[in-house]
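Here's the structure we're looking at; comments come further down.
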Amino acid sequence: DTAVSQTPKYLVTQMGNDKSIKCEQNLGHDTMYWYKQDSKKFLKIMFSYNNKELIINETVPNRFSPKSPDKAHLNLHINSLELGDSAVYFCASSPPSGTNVNYGYTFGSGTRLTVV
Amino acid sequence: GQSLEQPSEVTAVEGAIVQINCTYQTSGFYGLSWYQQHDGGAPTFLSYNALDGLEETGRFSSFLSRSDSYGYLLLQELQMKDSASYFCAVRNDYKLSFGAGTTVTVRA
């Protein structure tokens, strides 16, 4: 029943490892996003995909590679993890602009990544 | 780019009214949104203003003045469960850009 689900919820890993976070939405939305929330709670967009196509890449290091196999899924793969990657990563989705006056994003529950 | 300014913290007692102001600078603007986030939780959508004026949803209201690049979120009849972080966000092409958030603490 969950609208936007992401897994895993917690991820603890060593520096240098590669890890993936998965995200799926069942809302029929066209656009999906990855946001990073740092320890000061600042939410920063990383990527935006519309109908499986990359629309926005906000100067994210190329160690981060999103993949959207279809418009309901947007996964995030991170290579060579660094200490500074520790944060909470949120997946979100939204309906097409203009189709909903209350233009709200729906966020997943977040993945807390800790790099040690 | 975008920049949004909102107060970092507000403390109030139960039953009080709190107003969280947000000023923004952005290239391309479709509307101003507000999100609530409890500790350990996900941001949840509260309101969206595309046009000038006040939108009311229960105890929460949101206001926008496009000419002043300014908006606010009004929390009325504060309850303990309203203790959370509140983010304003501007919507433009294909993304929401968030302010740094306002931590609201409600005291008994």
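The values are calculated or read from the model by the stated rules, or taken from the named source; none is laboratory data. Because the structure is predicted, anything quoted here is derived from the model rather than measured. Backbone-built Cβ (ideal geometry, glycine too); neighbour counts: all protein chains shown.
Computed quantities for the displayed model
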item: Residue list for segment A:15-66, filter: part of a strand (DSSP E or B), within 13 Å of chain B (Cβ to nearest Cβ) and of a type in the set (Gly, Ala, Ser); result: A:Ser48
item: Test: residue in segment A:81-91 that is modelled with pLDDT under 95 and within 20 Å of A:Lys9 (Cβ to Cβ); result: no
item: Enumerated strands (runs of 3 or more DSSP E) restricted to segment B:37-107, each holding at least 2 residues that are of a type outside the set (S, T, N, Q), under 15 Å from the mean Cα position of the chain (by Cα) and loosely packed, with under 15 Cβ neighbours inside 10 Å; result: B:53-57
item: So A:Phe107, is it at pLDDT 95 or above, aromatic (Phe, Trp, Tyr) and buried (at least 19 other Cβ atoms within 10 Å of the Cβ); result: yes
item: Meets criteria (away from every other protein chain (no Cβ under 13 Å), touching a strand residue (DSSP E or B) at 6+ places or on another chain (Cβ under 6 Å) and not in a strand (DSSP E or B)) for A:Leu81; result: yes
